[in-house]
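The values are calculated or read from the model by the stated rules, or taken from the named source; none is laboratory data. Fair warning: this is a prediction, and the values are worked out from it, not measured in the lab. Backbone-built Cβ (ideal geometry, glycine too); neighbour counts: all protein chains shown.
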Amino acid sequence: MATDNVSLSVDPREVTGKKVRALRRSGITPVHLYGGGGESLTLQAETQALRAAVNTAGRGQPIAIEVGGGEKALTFIREIAKHPVTGELQHVDFIRVDATVPVSAEVTLSIVGEAPATRGGGGQFLRGIRTVTISVLPLEVPDEIEVSIDGLENIGDNIRVEDLILPDGVVAISSPDQVVARIAMTRTAAVEVGEGMEVEEGEEGEEGEEGEES
């Protein structure tokens, strides 16, 4: 399950419009908090702290927000605006959530193990989707979901969303037929890569390795 909640302190913001540029130059970034039956709040956060929270939680983990020593809210990031050239944060929107009501979250899929089909059968391991959308209680969002490929023994074997082994309380809401991993014949793998699959480094079959050495 998720590690300790990410937390962020914010303060009410009175600066709006073009004056916000000066606010950003001083190391403060505008944020908004809304939803969950509460009022919409115009807020601000220290840019460094906000950046750390965004980088740690992303869109898949909850962030506990405290507003100027007052309201405390469990939130998820709803929108992130960045400067088109520098990539610096320009604005972040947070939405309140109820800890007792399931939310939709996007979680990384982590491949573990080794596919037997790549060891001698001329198989090439291909990656499909790298994240899955799930429904889960806010405080139970997993950091990642492990996907074992130890059972991929033959050419054509694959793992789809419907095959994922999920933690208790987690339900996948991505399309069940989306491919997570697949074993293709080495000589035809390039065709599948063109169809949206990706070659995963370190999982090439023997034929692919010999081809690189020649």
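Does segment 53-66 contain at least one residue that is of a type outside the set (Asp, Glu), part of a helix (DSSP H, G or I) and more than 25 Å from SER174 (Cβ to Cβ)? Checking segment 53-66: at least one residue is of a type outside the set (Asp, Glu), part of a helix (DSSP H, G or I) and more than 25 Å from SER174 (Cβ to Cβ).
Restricting to segment 57-94, count the residues that are over 28 Å from ALA22 (Cβ atoms) and within 20 Å of the chain's Cα centre (by Cα). Counting residues in segment 57-94 that are over 28 Å from ALA22 (Cβ atoms) and within 20 Å of the chain's Cα centre (by Cα) gives 8. For THR131, the test of being under 17 Å from MET185 (Cα atoms) and not assigned by TED's automatic domain parsing to the domain that holds PHE76 is failed.
Scanning segment 124-168 for residues that are farther than 30 Å from VAL101 by Cβ and in a loop (DSSP other than H, G, I, E, B) gives GLY128, ILE149, ASP150, GLY151, LEU152, GLU153, ASN154, ILE155, GLY156, ASP157.
For segment 22-39, the tally of residues that are more than 25 Å from THR86 (Cβ to Cβ), touching a residue at least 12 places away in the same chain (Cβ under 8 Å) and outside any strand (DSSP E or B) stands at 4. Here ILE134 does not fit the description of being under 30 Å from VAL147 (Cα atoms), of a type in the set (Val, Ile, Thr), exposed (fewer than 15 other Cβ atoms within 10 Å of the Cβ) and at pLDDT 95 or above.
Taken over segment 66-94, the criterion of being closer than 21 Å to ASP143 by Cβ, surrounded by fewer than 18 Cβ atoms within 10 Å (Cβ to Cβ) and modelled with pLDDT of 95 or more is satisfied by ILE80 alone. Given the structure, is THR16 among the hydroxyl-bearing types (Ser, Thr, Tyr), loosely packed, with under 11 Cβ neighbours inside 10 Å and without any contact (Cβ under 8 Å) to a residue 60 or more places away in the chain? It is true that THR16 is among the hydroxyl-bearing types (Ser, Thr, Tyr), loosely packed, with under 11 Cβ neighbours inside 10 Å and without any contact (Cβ under 8 Å) to a residue 60 or more places away in the chain.
Scanning segment 190-198 for any residue that is on the phi < 0 side of the Ramachandran plot, part of a helix (DSSP H, G or I) and in contact with a Leu (Cβ under 9 Å, 6 or more places away or on another chain) turns up at least one such residue.
Among the residues making up segment 107-123, those that are modelled with pLDDT under 90 and either surrounded by fewer than 18 Cβ atoms within 10 Å (Cβ to Cβ) or not in a helix (DSSP H, G or I) (or both) are ARG119, GLY120, GLY121, GLY122, GLY123.
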